[in-house]
Structure formats: C-alpha cells, structure tokens
1. When you look at residue 129, is it farther than 21 Å from residue 25 by Cβ, over 22 Å from the mean Cα position of the chain (by Cα), surrounded by fewer than 14 Cβ atoms within 10 Å (Cβ to Cβ) and not acidic (Asp, Glu), yes or no?
2. Could you count how many residues in region 1-21 are over 28 Å from the mean Cα position of the chain (by Cα) and of a type in the set (S, T, N, Q)?
3. Does at least one position in region 152-168 carry a residue that is in contact with a Phe, Trp or Tyr (Cβ under 7 Å, 6 or more places away or on another chain) and surrounded by fewer than 13 Cβ atoms within 10 Å (Cβ to Cβ)?
4. Exactly one of (1) in contact with a strand residue (DSSP E or B) (Cβ under 7 Å, 6 or more places away or on another chain); (2) surrounded by fewer than 14 Cβ atoms within 10 Å (Cβ to Cβ); (3) not in a loop (DSSP other than H, G, I, E, B) is unmet by residue 137. Its number?
5. Report those helices (runs of 4 or more DSSP H) wholly inside region 228-303 carrying at least 2 residues which are hydrophobic (A, V, I, L, M, F, W, C), farther than 27 Å from residue 45 by Cβ and free of Cβ contacts under 8 Å to residues at least 40 places away in the same chain.
6. When only residues in region 77-94 that are touching a residue at least 12 places away in the same chain (Cβ under 8 Å) and hydrophobic (A, V, I, L, M, F, W, C) count, which is farthest from residue 37 (Cα to Cα)?
7. Kindly establish whether residue 124 is part of a helix (DSSP H, G or I) and either charged (D, E, K, R) or surrounded by 18 or more Cβ atoms within 10 Å (Cβ to Cβ) (or both).
Amino acid sequence: MAWAKALVEISCEVNLDKEIIKINFQDIAKKYIKYYWNQTIFFNLIQGSNPYKPPKILTYVKELINEYKKVSGSNLPELYEKIEIRFDSYDLKDIYNKTLRLVKDTLKIDVSWRFLNLGNDKYEIYTYNKGDDYLLIKRELLEKFRDNDQDLYDLINYKWGLILETFNNSPKINKKVKIMDEREIKRSNLNKFKKYLDLENKEHICFNCGLKIEDDDLSIDHVIPWSYMYSDDIWNLVYVHRNCNSIKSNRIPKEDMINKLKIRNNKLLERMEYYNIKDKNYYELKVAINKDYVTEFWIGSKN
C-alpha cells in the first residue's frame, strides 16, 4: 500500500514531459519514511504480522523517530512534513540520510519486483531492471494516476486500513490511516468536558498524583492514551496537573489506575443522574460502564 500510494503521489509531482518517465527510488523512499513516520509517531501502528520481527523499513523509521525524540527532548507527536525541515537544526541529517539509504536499498531488494507479481495476475505498471535506482513508467499511466489521485488515495487508504486491522487491536484504524493525508492533525478542545468532570471532581484533585491542581495548572488527560483511542470520551478523561500529563505522555496506565478510573466513572454517572443530566455524554458513559470499555480498551492497548 505504501508503494502504491508513493507512485500516485509522485505522479502529481513529476514533470510529465516525456513518453517514458523515470522515477527514482530515493523519491519513493522519502514517501515511505513520511508514511511510516506519521503512522508510527501518532498511533504506533504495527505494519506486519510478526510483532517480534517488524518490517525492516518500519525499524529504520522508528530509529529515526527515537533519535528525533532524543535530540528534541520532546515526546509529542509531530507530522513528518513539519519535522523534515528541522533535521539540519536538530543535527539529524546524517541519520536521516542513512535511513533514506537503507529504505531505498530495501525497496530495491524486497518491494519493487514483488509489486508486479501480486496475486495471480501480472501487471505491467512499470519497468524495472534489477540493480537500477529507478523505475520507468509510461506517461499515459502517470496521467491516469494524477487525474484520479483522490479516488486512488481513498482506495489505497481503505485497503491499507483493512490490512492493518489484522495486525492491530486499536480502534478506528481506517480513520487513523486516512487522517495522515491531512496537513495537520487537529485535536479537539477538551474544555467542553469540564462541566462534567467538575460534577465529580469540583476540588480539581489530580487523578495521577492526588494533589490539588491550581487553575493555571489544570489539564485534561486521556487515561488510555489518545494515540490508541483516537477519540475523546468522557469515561476516559480526567483532571491532572500539566506536568503529570507531560510525564505520563503516551504510556499505558497500570492496573491500579484503571481500577481507579472505573470507580471514578461510577461516581460521575451517579452525579449526572443526581443533577438529571442525561445527554449524549451521559448515555455514552452509561454504555461504557455496562460494557466495561475501560478494561476492554486497556487490554487492547497493551497488546
């Protein structure tokens, strides 16, 4: 899916001034790094059936991400499109070039020829001579890619999501894959949930450390990480200190915090019923308690 998506994206960028267009592996490799970076740093999606032996390209990209986190001092996810221009200032150019070379070599050895032999049918999408650093594609085909790029992106993303569902237990896989085509990952403002959280925790006691939170230090946290859930649900949101939120980052909570969240949810439901608040969030909270979403998604997030 990454290979197909890269070809479509490149078709919209290259100059179609010849009958036969040369596409360099280095340009395809850059697309791969972008796709795997974004899916990994935001959602840590598994890309292969064997979790103990991930695809080589994913391993290379994860090493690049780890180096970025180390030198930037930040665990916050950032889109590759925003980080790429900072590689020089972060002194990451050498490891980026190494990653690019490794990805390119892997594509030449493991991917380029396989794509032409998928299933029982043979496709003459491009010409590739073993050992070359480029593919040759007819302009006519690239024009079709370009003319139908949005439909092809939707189809590729949908198929990619279906494949990833067999490897990943996290919810909303297809939405996670599709959102990677956006120029910015927008997180919803969680302040709208304060009126509910205040019902059970009007003193603003930090869910993590148990100390009172001053108004200017108040933050709302997803107990089961947003990167796994990819949604904002009242049953998974709590008040914490900003610093407690930063320290926790995307870590999976321990069982005692999960049990604490279940107790909190029951108390919150009681408070909503006491004040006769029976809106969308109330019914979602009630369903979450009855179906024990906390346990279900916590177990899923650990796998």
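1. So residue 129 does not fit the description; no.
2. 1
3. No: region 152-168 contains no residue that is in contact with a Phe, Trp or Tyr (Cβ under 7 Å, 6 or more places away or on another chain) and surrounded by fewer than 13 Cβ atoms within 10 Å (Cβ to Cβ).
4. (2)
5. The helices (runs of 4 or more DSSP H) meeting that bar are 255-274.
6. The selected residue is 92.
7. No.
Matching residues to (1) in the same structural domain as residue 213 (by TED's automatic domain parsing); (2) of a type outside the set (D, E, K, R); (3) over 23 Å from residue 189 (Cα atoms); (4) modelled with pLDDT of 95 or more:
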| site | (1), (2), (3), (4) |
| --- | --- |
| 248 | yes, no, no, no |
| 254 | yes, no, yes, no |
| 267 | yes, no, yes, yes |
| 274 | yes, yes, yes, yes |
| 282 | yes, yes, no, yes |
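The values are calculated or read from the model by the stated rules, or taken from the named source; none is laboratory data. Values in this document were obtained by computation on a predicted structure and should not be read as measured data. Cβ: placed from backbone, ideal geometry, glycine included. Neighbour counts: every protein chain shown.
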